[in-house]
1. Scanning segment 1-42 for residues that are more than 17 Å from the chain's Cα centre (by Cα) and among the hydrophobic types (A, V, I, L, M, F, W, C), which turns out modelled with the highest pLDDT?
2. How do the pairs read when you match residues in segment 5-22 that are free of Cβ contacts under 8 Å to residues at least 12 places away in the same chain with residues anywhere that are among the small types (Gly, Ala, Ser), using Cβ under 7 Å and keeping only pairs 6 or more apart or on different chains?
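The values are calculated or read from the model by the stated rules, or taken from the named source; none is laboratory data. Quantities reported herein were computed from a predicted structural model and do not represent experimental measurements. Using ideal geometry, Cβ is built from the backbone for each residue, glycine included, and neighbour counts are taken over all protein chains shown.
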Amino acid sequence: IEKMTRDAAENKDELSKYLNTPQAQQSIGQLLITQKTVQRLVEIAEGSDTSVEAKQKEGQE
């Protein structure tokens, strides 16, 4: 939230107040989950395996 309001010149306090509401935080959380899910699906589709399990297997070799 601080990153989002850092560059806001006008109405910074109003924006911060709005973003700190439970509804806004839930919305932001869902947006981040969606972005991470899409990013992971793209990685899988492209064949790049950056999953936790793959990284652990690499470390064991």
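1. Only one residue tops the list, namely 15.
2. Matching pairs, first to second residue: 15/8; 18/24.
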